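Structure record follows, encoded as structure tokens.
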Amino acid sequence: YDVDYNDDGTVDVMNMAWGGICEADKVALNLDGGHRTTENIRRRRAFTLSLPDVSHIAEADYFGIASANDVPDKFERTGLTAERSSRVDAPVVREFPLTLECTLHEEQKVGNDVRFVGRIVNVLANERILDDKGNVDPVKLDPVMYDTFQSGYYALGRKVGQAWDTGEKYN
């Protein structure tokens, strides 16, 4: 969920379905040019990406239902709280357990849409989602995945293999 500020300093948040990590320290957001968020990122040159957990699925879904162009107080309606990032000119949603703080690195035109590439300058993780080594534990994170085929949300968390090891039998 992309989070930034409107002209008047209020929180702008949107449900971002298309994008992801594109380099070790970068993320790509693919946005419709008509979103208020698109203009806010251009103006502020920063944004945060927050991952909600299953317990906040209703609030997160609402961010995709309501457009800030039509519902200027959509963030406030959810009862969630935000605080100003200490690293970038964007807010952090306190209730979401994982946030990437990003500066705008590059803007690309993609048809009628825009791809923003952001540089990750900091990662905020709630202590409750960390393992004993201080790394994010995906089971504790309790993240949500959006399924474009059925328009459903699914909880993730079951580990089914180890990267760079499970396929080793084919070497």
**Q.** Failed item in (1) without any contact (Cβ under 8 Å) to a residue 40 or more places away in the chain; (2) open to solvent by less than 60 Å² (accessible area, probe 1.4 Å); (3) assigned to a loop (DSSP other than H, G, I, E, B), with GLU59 passing the rest
**A.** (3)
Q) Which ones in region 50-78 are of a type in the set (Gly, Ala, Ser) and either farther than 22 Å from GLU127 by Cα or in contact with a Gly (Cβ under 7 Å, 6 or more places away or on another chain) (or both)? A) ALA58, GLY64, ALA66, SER67, ALA68
(Q) If I ask for residues that are modelled with pLDDT of 90 or more, closer than 22 Å to ASP61 by Cβ, of a type in the set (Gly, Ala, Ser) and not in a strand (DSSP E or B), which ones from region 132-171 would you list? (A) SER151
Q. Out of region 144-157, which residues are touching a residue at least 40 places away in the same chain (Cβ under 8 Å), closer than 24 Å to GLU23 by Cα and either exposed (fewer than 11 other Cβ atoms within 10 Å of the Cβ) or in contact with a Pro (Cβ under 8 Å, 6 or more places away or on another chain) (or both)?
A. VAL144, THR148
Q. Is it fair to say SER50 is open to solvent by 50 Å² or more (accessible area, probe 1.4 Å), at pLDDT 85 or above, touching an Asp or Glu at 6+ places or on another chain (Cβ under 9 Å) and not hydrophobic (A, V, I, L, M, F, W, C)?
A. no
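Residues checked against (1) closer than 22 Å to ALA24 by Cα; (2) without any contact (Cβ under 8 Å) to a residue 40 or more places away in the chain; (3) touching a helix residue (DSSP H, G or I) at 6+ places or on another chain (Cβ under 8 Å); (4) open to solvent by 30 Å² or more (accessible area, probe 1.4 Å):
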residue	(1), (2), (3), (4)
ALA82	no, no, yes, yes
VAL92	yes, no, no, no
THR103	yes, no, no, yes
GLU106	yes, yes, no, yes
VAL110	no, no, no, yes
ARG115	yes, no, no, yes
VAL123	yes, yes, no, yes
ASP132	no, yes, no, yes
Q.
Here is a check on your reading of the model: is PRO97 surrounded by 14 or more Cβ atoms within 10 Å (Cβ to Cβ) and modelled with pLDDT of 95 or more?
A. yes
**Q.** Tally of residues being more than 18 Å from the chain's Cα centre (by Cα) and farther than 16 Å from ARG36 by Cβ across region 71-91
**A.** 1
Q) When you look at GLU106, is it closer than 20 Å to GLU39 by Cβ and either aliphatic (A, V, I, L, M) or part of a strand (DSSP E or B) (or both), yes or no? A) yes
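The values are calculated or read from the model by the stated rules, or taken from the named source; none is laboratory data. Note that this is a predicted model, so its numbers are computed, not measured. Counting neighbours? That spans all protein chains shown, and the Cβs are built from the backbone with ideal geometry, glycine included. Ligands, DNA and RNA are excluded from the accessible area calculation, which covers all protein heavy atoms including side chains. Shrake-Rupley method; radii C 1.70, N 1.55, O 1.52, S 1.80 Å.
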